[in-house]
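Down below is the structure, laid out as structure tokens.
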Amino acid sequence: MRSRSIATEPIGDRLRMLRLQRNWSIRHAASLAGISHVQWGRLERGERSADNRFMLAALAKALNVPLAELTGSGAVGLEHGGTEAKTAIYHTMQAVIEADLEDAPAVAATPIERLVERLDLVVDLRLKCDYIGAAKLIPSLLQDLHAAAFGDERERALEALVLAQDTASFVVRYLGDPTSSVMIADRGRQAASYLQDPVMLGMAAWSQAHAASGCGLYARALRIAERAVTELEPHTGNLHGKEMLGQLYMVTGFAKWALGDTTTAEAAIAEAAKLAQLTGQSPALGLNFGPTAIDVWRVSINADAGDPRVAVRIAQDADPAGLAAVSRSRQAAFYIDTARALSNINKDTEALRMLLHAERLAPQRVRLSPLVSETVRHLLEKSRRGSGWTELRALCERVGVQP
């Protein structure tokens, strides 16, 4: 029997329930969110897809609820490893709390070389979107890196701890717990502060800004990223300094777009593009920063806040060879965001093809995403049992949407 997950309940239904709990009219709720009452009504009725990150953040803020309460998580029933995921998140958070650098470790230090090998494995699992697999390994890794940070290889251990906390934050966010992701990123900042390496401080800031964005806190993400850009700019000659600065410029531009400041957002993205021309497509620090990665970000931004037709055009012009060079995670994000843009201009068959492509690359990334669930639900509502109906029904089942 299929276990029910929160993804089986449309966001529109949750929107209506939360509004009625407050005894608000549609007009009042819409005014708080900064959208028209017509838009709000269409969202509640499922006539418009609730798969826009920036709008969802505005809706959650208007309703005074965490973003995760409005969106839920993806299809994390038993058949999708839901029990394993919840257990892994629990143990990860226990390890994060214990990995406080102001407290001495409870275990003996492991040789740093072995820990770096384990870190490389966990990062690789994350980049391949095997979030459950990575989450199973993260708790013991954090515990051992915490212990190593009190040993002879303190600097290497602290650097590895920053990267491990970034990975843990990312994994926990995409397993459906964005609030815990913020706490993990803050712990990574502690390790970077002890290390006092400009690039690692930038890495911790990127992790914090990314986690804040996952909660819809774009103003906080912007403050963190802008401060980090200022601090890192004098150190671009350091190893991986350009890649790190470029990534911070991109998250700055993304947050500015989310806040409606499109002019300065484009200026930040242009700075990132200049750095990408210098670095090329780089695997440094697991960021996969470079020209193609900027195209991926631009697709995402235009799918959420710009013109979906622009998103589709950028996607069509993206270099396939360059796309193959970025991580599976970035590739999956590219296809998901392109699908959302295609759906919004009624190119539904192409949207479905993009989602299926993303799923083949990264099943967990697709099946655990509330944005994908909403896009699929909207495609289903618009479908006339024509081309692709069988594939669409099957995808609905896999992402937790009742066909």
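The values are calculated or read from the model by the stated rules, or taken from the named source; none is laboratory data. Source: prediction; values computed, not measured. We place every Cβ from the backbone using ideal geometry, glycine too, and count neighbours over all the protein chains shown. Just the protein is used for accessible areas: all its heavy atoms, side chains included, with ligands, DNA and RNA removed. Shrake-Rupley method; radii C 1.70, N 1.55, O 1.52, S 1.80 Å.
Checked against (1) part of a helix (DSSP H, G or I); (2) at pLDDT below 95; (3) of a type in the set (A, V, I, L, M, F, W, C), residue 163 passes all but a single condition, namely (2).
Taken over the range 131-171, the criterion of being open to solvent by 20 Å² or more (accessible area, probe 1.4 Å) and of a type in the set (D, E, K, R) is satisfied by 136, 144, 152, 153, 154, 155, 156, 159. Quick check, is residue 226 surrounded by fewer than 24 Cβ atoms within 10 Å (Cβ to Cβ), in contact (Cβ under 8 Å) with a residue 24 or more places away in the chain, in contact with a Leu (Cβ under 7 Å, 6 or more places away or on another chain) and not in a loop (DSSP other than H, G, I, E, B)? In short, no. Against the test of being under 28 Å from residue 66 (Cβ atoms), assigned to a helix (DSSP H, G or I) and open to solvent by 10 Å² or more (accessible area, probe 1.4 Å), the options 256, 274 yield a single qualifying residue, 256.
Residues in the range 162-201 that are out of contact with any Gly (no Cβ under 8 Å at 6 or more places or on another chain) and closer than 19 Å to residue 236 by Cα: 192, 193, 195, 196, 197, 200, 201. List every residue pair whose Cβ atoms lie under 6 Å apart, where the two residues are 6 or more positions apart in sequence or sit on different chains, the first residue falls within the range 274-287 and is of a type in the set (A, V, I, L, M), and the second residue, located anywhere, is surrounded by 17 or more Cβ atoms within 10 Å (Cβ to Cβ) and not in a helix (DSSP H, G or I). Going by the 6 Å Cβ cut-off, the qualifying pairs are 276/290; 284/240; 285/240.
Yes or no, residue by residue, for (1) farther than 28 Å from residue 379 by Cα; (2) open to solvent by 60 Å² or more (accessible area, probe 1.4 Å); (3) small (Gly, Ala, Ser):
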residue: 280; (1), (2), (3): yes, no, yes
residue: 288; (1), (2), (3): yes, no, no
residue: 294; (1), (2), (3): no, no, no
residue: 299; (1), (2), (3): no, no, no
residue: 309; (1), (2), (3): no, yes, no
residue: 314; (1), (2), (3): no, no, no
residue: 327; (1), (2), (3): no, no, yes
residue: 336; (1), (2), (3): no, no, no
